[in-house]
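A short write-up of the structure that comes next.
Every number here is computed from the coordinates shown, using simple stated rules; none is lab data. These figures come from a predicted structure and were not determined experimentally. Cβ placement follows ideal geometry from the backbone for every residue including glycine, while neighbour counts extend to all protein chains displayed.
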Amino acid sequence: MSTFQSSAGWQGRQFAQQCTFLLEANGFRLTGRSVLADLGVEIDEVAENRRGSVVWFEFKGSFQGARPGLLRTDTVKKAIANGALLRSLDDHPPYVVLTSHVPTAGSAAAMLTVALTLGYLDDVICVNDPVALQRLAKLAESTGV
């Protein structure tokens with residue numbers, strides 16, 4: 001395994017730990033990872049909010065590297081593809097991406113805008129953005145996105 005891949009894996013696990021801490025701090029009850037083998041989609045964290053509603057979370061981020069979080073178009077495409085596949089289910093919980101970085105311009109930003117508009121993603125929450133974290137707090141209290 002290359003040093004880059006090893007470092008990326010470690011950073012991803014570290015970011016996932018930070019996300020689970022953040023979710024718990026907001027009152028979510030975490031039930032763990034879920035693999036939907038029929039779709040080929042892995043949910044990083046299945047969580048119940050304070051009202052008992054289930055939310056599916058995907059974690060995309062790190063705090064190192066030149067293009068962390070959703071700044072890479074291939075990372076954005078993977079999150080969007082998962083969301084599109086999840087839409088094939090008749091009734092599924094909200095699908096929310098927690099990230100360390102959100103693109104503000106370029107192809108990655110455009111793709112996210114379209115994916116949110118089409119409902120492939122219910123929200124993209126940057127864990128470094130106080131306004132976005134307010135949306136997470138509201139999600140912890142709501143009956144839906």
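Here are the numbers:
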read-out	value
Label-zone membership for region 25-47, site Ser88, 7 angstrom Cα→C-beta point, backbone N under 16 Å	35-43
Kirkwood hydrodynamic radius of region 63-145, from inverse mean 1/r over distinct Cα pairs, in Å	13.3
Ordering of 27-33, 134-140 by packing [mean C-beta count within 10 Å, highest first]	134-140, 27-33
By average C-beta atoms within 10 angstrom, highest first, the peptides 76-83, 35-42	76-83, 35-42
Bridge type composition, the chain - antiparallel percent by DSSP, nearest 5	55
For region 33-85: span of alpha carbons on each principal axis (Å, largest first)	38, 28, 15
Estimated [θ] at 222 nm from DSSP helical runs (n ≥ 4, -39500 (n - 2.57)) normalised by residues in the chain, nearest 500	-14000 deg cm²/dmol
Length released on extending from Ala137 to Ala109, taking residue separation times 0.36 nm less the Cα-Cα span	7.7 nm
Calculated P(r) tail over 21 Å for region 3-141, as whole % of Cα pairs	39
